[in-house]
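S.K.: Quick one: the structure is below, and I'll ask about it shortly.
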Amino acid sequence: MKAVPRTRSLPALLLAVLALVLATLCPTGASADTSVSAVARALRQSPVYVDPAARDQLSAADADTLATRIKDAGKPLFIAVLPAGYPTTNLFADLRSATGVTGLYGIRLGDRFDARADSSVMPATARQNLVRSVQGEDAKSQLADFTDRALVNMGGHAPRSWGGSVGDGGMSGTALITTAAVLVAAGAGAYALVRRTRKRREQEQRAALERLRVVVDEDITAFGEELDRLDFHPSEAGADDAMRADYERALDAYETAKQRMGAAHRPEDVRTVTEALEDGRFSLAQLAARREHRPLPERRPPCFFDPRHGPSVSDATWTPPGGAPRQVPVCAADATRLADGRDPVVREVDTDYGRRPYWDAGPAYGPWAGGYFGGGLLPGLLVGTMLGGLMATPAYGADYGTGYGDFGGGGYEGGDVSGTDFDPGDFGGGFGDGGGFDGGGDGGGDFGGGF
């Protein structure tokens, strides 16, 4: 995950607030700059921008109300109200590049409306449905409804640059100083709040990691026992270089898993531990086949029901309670049980409600499962389960990291400053850029079309 600087000393923070006030409130010229860069500067300072030529769409009072609602929610939601004739080519992508902030961007252009978002903040399908739900409303109602629905369905945090408002004229020196003093005090309070929030989140992550550590330690112990049961000696009769290489890889995987678990600080760090264990078990399967003069096994994911069963040998149909049937990789023993109409042997873990299958045990098990079933396989296996539902929400990546198959977005959380490091596909189309817009749906793929 990309590292984004998150901490700043209190004096530096207060100086930044003062600089923001001076840059924001001092007059910069008689003519209004409404370029994409100007819109982006305004959105970095406040979540709502209204073009001077579009003030009949949304009054200043309504814009302030909307901005306050977004700031109070602490989410990276950006709203721009532009006139019908505003240039539209690459508008969403250019605005996202200019602000540099990961978030959800909604634009009212004349009487039309569309939105784009970083996938870590809101998945494409959720964003499309949200846009469709507010089509045909007047500007005030549409933007209020969009905001209310977005705030409860999006992930991320408010960008740190928000503070103050964008005005058209200057302020008196007294007003400027008073405003600066108020914002400095607010900045100090915000700094303390950020510290408390960060501390609480760190405590929650540590608790999730400790619960997960129990399961991972069981996996590591089970793998060590497999190594012992194998009873292979590199110098034994019949051992060749291929067998010794398999055994060495398995031993290395065992040591790597222990070292990585010992160094883990967050739930998402566990993924590399189970990746190592999965590699080690496949090496053991190869070694066993060589010793028994059987064909080498193909590389397959581990058994879905319990990765400790080792690599799967086939796929079988499985239907979770209340879910839809899907094909899951299974070991030979579980394949036989399913074929006979019996229940597979499922990996259960401790929860606040007793022992439950890992896919119904909570969000911390996403990294654990992701290490075993990476590469895009995991979403299809877990759809319709508790864990699958949690991992599909935009807030999941912020709390437990991303990269578990196709769940979640990139390494930046909503509200982080990523600059131009974002997926252009998330912001393609819109406002005549190709494709077709029809009631909030995109043409040309997940992000094409629009307006």
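The values are calculated or read from the model by the stated rules, or taken from the named source; none is laboratory data. Note that the coordinates shown come from a computational prediction; the quantities given were computed from them, not determined experimentally. Reconstructed Cβ throughout: ideal geometry from the backbone, glycine too, with neighbour counts over all protein chains shown. Just so you know, the surface numbers come from the protein's heavy atoms only, side chains and all, with ligands and any DNA or RNA stripped out. Shrake-Rupley method; radii C 1.70, N 1.55, O 1.52, S 1.80 Å.
S.K.: Name the residues in the range 96-112 that are without any contact (Cβ under 8 Å) to a residue 60 or more places away in the chain and at negative phi, would you?
M.R.: Scanning the range 96-112 gives Thr99, Gly106, Arg108, Asp111.
S.K.: Filter the range 320-335 down to the residues that are more than 14 Å from Pro301 (Cβ to Cβ) and open to solvent by 70 Å² or more (accessible area, probe 1.4 Å) and list them by number.
M.R.: Residues satisfying the conditions are Pro321, Gly322, Pro325.
S.K.: Can you pull out the residues in the range 239-264 that are farther than 16 Å from Ala222 by Cβ and open to solvent by 50 Å² or more (accessible area, probe 1.4 Å)?
M.R.: Within the range 239-264, Asp240, Asp241, Arg244, Glu248, Arg249, Asp252, Gln259, Arg260, Gly262, Ala263 meet the criteria.
S.K.: Among the residues that make up the range 232-244, is at least one of them of a type in the set (A, V, I, L, M, F, W, C) and within 19 Å of Ala208 (Cβ to Cβ)?
M.R.: No, every residue in the range 232-244 fails to be of a type in the set (A, V, I, L, M, F, W, C) and within 19 Å of Ala208 (Cβ to Cβ).
S.K.: Quick one: count up the residues across the range 256-272 that are of a type outside the set (D, E, K, R) and in contact with a Leu (Cβ under 8 Å, 6 or more places away or on another chain).
M.R.: 5
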